[in-house]
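Undergrad: First, the structure itself, so that you have it in front of you.
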Amino acid sequence: MKAFLFDLNGTMIDDMGYHTDAWHDILNNDLGANLSREAVKMEMYGKNHELLARVFGDDHFTKEEKDRLSFEKEKRYQETYRPHLRLIEGLDSFLEEADKKGIKMAIGSAAMTFNVDFVLDGLNIRKYFPVIISADHVSVSKPDPETFLKGAEGLGFKPEDCIVFEDNPKGVEAARRAGMECVVLTTMHEEYEFDGLDNILVFVKDYTDPFFKDFLKRVSV
């Protein structure tokens, strides 16, 4: 039996550039971190609070300050990305076909629920995902496996019976630690950045890749 666990940003929507821009603005113009865009990109995994702690240290901000900065960053991201909100090419039909086949699907994202709702409701795809695990539902985010393990548990599947869709090496590492194989979207990271991760089934640019032609036929339900 197989279930699908989807990361969100960069995996279902190609929006990571907008997240990078929002963080670059907050970190440099608001907080004076003086980081290049590439340096910001390298820090973009896990929860917002974790990112702030990596850049400035664990005790630099209070929890209330981290909450405020986190929400402000997401507001800026949503304002700039909203006119471009759409699924990665081919994903709409893939979700529909998987749903018709009876494949159970969940969201396993490091994004806060505020952003998950922005995407699922903005694109009217919540119906496909009875289980949603966001940053608000875990103690530690990716590369810790908690996000994907909770997603599998919520769907009622063993970890080894789940396939993860990811775009980030840290997310693939989380899947590996959870005992799950991955389909990797190369929206933000190149293949060499995943070196050493042996749980990858395939690298694809989008969901129109020839890999998907017979993929659902090979998935048992």
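The values are calculated or read from the model by the stated rules, or taken from the named source; none is laboratory data. Because the structure is predicted, anything quoted here is derived from the model rather than measured. Heads up, the Cβs are rebuilt from the backbone with ideal geometry, glycines too, and the neighbour counts pull from every protein chain shown.
Undergrad: Between A33, A53, which is on the phi < 0 side of the Ramachandran plot, without any contact (Cβ under 8 Å) to a residue 60 or more places away in the chain and not in a helix (DSSP H, G or I)? I'd like the intermediate steps shown before the answer.
TA: On the way: A53 fails: not in a helix (DSSP H, G or I).
The conditions single out A33.
Undergrad: Which of the residues that make up region 100-121 are charged (D, E, K, R) and farther than 17 Å from N48 by Cβ? Walk me through how you get there before you give the answer.
TA: Within region 100-121, the first condition is being charged (D, E, K, R), and the residues that meet it are 100-101, 104, 117, 121.
Of everything in region 100-121, those that are charged (D, E, K, R) and farther than 17 Å from N48 by Cβ turn out to be K100, K101, K104, D121.
Undergrad: Kindly list the number of the only condition in (1) within 20 Å of the chain's Cα centre (by Cα); (2) surrounded by fewer than 18 Cβ atoms within 10 Å (Cβ to Cβ); (3) outside any loop (DSSP other than H, G, I, E, B) that fails for E89.
TA: E89 satisfies all of (1) within 20 Å of the chain's Cα centre (by Cα); (2) surrounded by fewer than 18 Cβ atoms within 10 Å (Cβ to Cβ); (3) outside any loop (DSSP other than H, G, I, E, B) except (3).
Undergrad: Of the residues D198, D136, only one is under 25 Å from K41 (Cβ atoms), assigned to a loop (DSSP other than H, G, I, E, B), acidic (D, E) and not assigned by TED's automatic domain parsing to the domain that holds E43; which?
TA: D198
Undergrad: In addition: Can you tell me which residues in region 2-42 are within 30 Å of L201 (Cβ to Cβ), surrounded by fewer than 15 Cβ atoms within 10 Å (Cβ to Cβ) and not acidic (D, E)?
TA: Hit for region 2-42 is M42, nothing else.
Undergrad: Residues of region 175-195 being in contact (Cβ under 8 Å) with a residue 12 or more places away in the chain and assigned to a loop (DSSP other than H, G, I, E, B), which ones? Can you show your working first?
TA: Just the residues of region 175-195 that are in contact (Cβ under 8 Å) with a residue 12 or more places away in the chain, to begin with: 175-189, 191, 193-194.
Once the filter is applied, which keeps residues that are in contact (Cβ under 8 Å) with a residue 12 or more places away in the chain and assigned to a loop (DSSP other than H, G, I, E, B), region 175-195 yields G179, M180, T186, T187, M188, H189.
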